[in-house]
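Working notes, beginning with the structure itself.
Just so it is clear, none of the values below were taken in a lab; they were calculated from the coordinates. On a predicted model such as this, the values are computed, not experimentally measured, just so you know. As a convention, Cβ positions derive from the backbone with ideal geometry for all residues, glycine included, and neighbour counts pool all protein chains shown.
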């Protein structure tokens, strides 16, 4: 089942999502709505509702995992399954690292959420490069292996960006302006 936006916000309350994480998730959802709507208009078979729900709940477990140290994507996927939101569980589970994707195949809501999350630093829309530098500085510091993995993940994100925008009539640098206009 795909949750409604109202159900997503209720789950944010139930899991006591911190305000800053909620605000981040809403900005990610705004980007997802813009991109997925554009893809639909270009003829891509994708569900805007499913993508937006996945975006709203992509960090549903982050508040609790800050304290436990667990992987918030994995725990978030489990939360979705517990609530019978199985249609978005993999979107939540793969928002950090895409596992099942194709850079030249079928478009998926999972790719859109993964990409949009990599464009939002706190609540600001930034480039992929800016977000990568933030993640490297926050999490990799002197860990060369983690630094390499993060950079590899962002190279995948650049491929996803190229794929998504090959079907859109706007550019990645237009996204921040577009979500402001839509509000």
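For the pair residue 100/residue 74, report the inter-label distance in nm, with labels modelled 7 Å from Cα in the Cβ direction.
1.8
So what is the relative contact order of the range 70-175, in percent, for Cα pairs below 8 Å that sit 6 or more residues apart?
It comes to 20 percent, rounded to a whole number.
Take the alpha carbon atoms of the range 1-43, find their radius of gyration, then divide it by 2.2 N^0.38 Å using N residues; give the quotient.
Normalised by 2.2 N^0.38 Å, the Cα Rg of the range 1-43 equals 1.37.
If you look at just the Cα atoms of the chain, how large are its Rg and its Dmax in Å?
Reported Rg and Dmax, both Å: 15.4, 45.
What is the packing order of peptides 134-147, 63-76, 18-31, taking the mean over residues of other C-beta atoms within 10 Å and listing the highest first? Intermediate results must be reported in sequence, preceding the final value.
On the way: 134-147: 12.2, 63-76: 15.6, 18-31: 18.7.
Descending mean neighbour count gives 18-31, 63-76, 134-147.
Please state the relative contact order of the chain as a whole percent: Cα pairs under 8 Å, 6+ residues apart?
Computed value for the chain: 24 percent relative contact order.
So for the range 34-96, considering every pair of alpha-carbon atoms, how many percent are separated by more than 15 Å?
Percent of Cα pairs beyond 15 Å in the range 34-96: 50.
Taking the simple approach of a point 7 Å from Cα along Cα-to-Cβ for both residue 146 and residue 181, what is their distance in nm?
That separation, rounded to one decimal, is 4.0 nm.
Taking 7 Å along the Cα-to-C-beta vector as the label spot, tell me the residue 167-residue 40 distance in nanometres, rounded to one decimal.
1.3
Using just the alpha carbons, could you tell me how many Å³ per residue the convex hull of the range 3-108 encloses?
Looking at the range 3-108, the number lands at 95 Å³ per residue.
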